[in-house]
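Everything on this sheet refers to the single structure shown next.
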Amino acid sequence: ELVRIRPKEEILDTLNDSLLNRGLGFEEEMARYCGRTARVRARVERCLDERTGRMLSMKSPCIVLDDLVCEGVYNASCPREFVPFWREIWLERVPPGDGDGR
């Protein structure tokens, strides 16, 4: 399924004062992808807490998109290419035939 990442202004409207939506943050690095079309890789309902090794169940599942990773543009000390989690409200479906995957 193809989706388009909503404009930054629309995403900011969904965030609280701490730039969170139901506990999930929106990073400046992610704003670079606003307006871009991407393919949905997976719906994430559980994730591993790297500090504790515990499996966490998400109260509100999120989405992982193909080929979108942290490139360290805004945080030069980014230790690796982490995969950002997206809220569905930050994405819009692209009708078939109306996107090239980028």
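General remarks:
- Residues of the chain: accessible area per residue with a 1.4 Å probe, Å²: 67 Å²
- For segment 37-48, 3J(HN,Hα) computed residue by residue from phi via the Karplus equation (6.51, -1.76, 1.60; θ = phi - 60°) reads 9, 8, 8, 6, 8, 6, 9, 9, 10, 9, 8, 8 Hz, glycine and proline entered as x.
- Of all segments of the chain bounded by GluC sites (Glu not before Pro) found in a DSSP loop with no more than 12 other C-beta atoms within 10 Å, the longest spans 2-49.
- Shape category assigned to segment 9-57 from the gyration tensor of Cα positions, a/c cut at 1.5: oblate
- The stretch between residue 24 and residue 67, if pulled fully straight at 0.36 nm per residue, gains 13.5 nm over its current Cα-Cα span.
- Debye, to nearest 20: dipole size of segment 2-93, +1 on Lys, Arg Cβ, -1 on Asp, Glu Cβ: 380 debye
- Taking the accessible area of the chain, probe 1.4 Å, and keeping the other protein chains in place, the carbon and sulfur fraction comes to 46%.
- Selection of trypsin sites (Lys or Arg not before Pro), segment 1-54, meeting DSSP coil and at most 11 other Cβ within 10 Å: 51, 54
- Equivalent ellipsoid semi-axes - Cα gyration tensor, the chain, angstrom: 22, 16, 15
The values are calculated or read from the model by the stated rules, or taken from the named source; none is laboratory data. All values derive from a computational prediction rather than experimental measurement. Neighbour counts are summed over all protein chains in view; Cβ atoms, including those assigned to glycine, are modelled from backbone coordinates with ideal geometry. These accessible areas exclude ligands, DNA and RNA; they are computed on the full protein's heavy atoms, side chains included. Shrake-Rupley method; radii C 1.70, N 1.55, O 1.52, S 1.80 Å.
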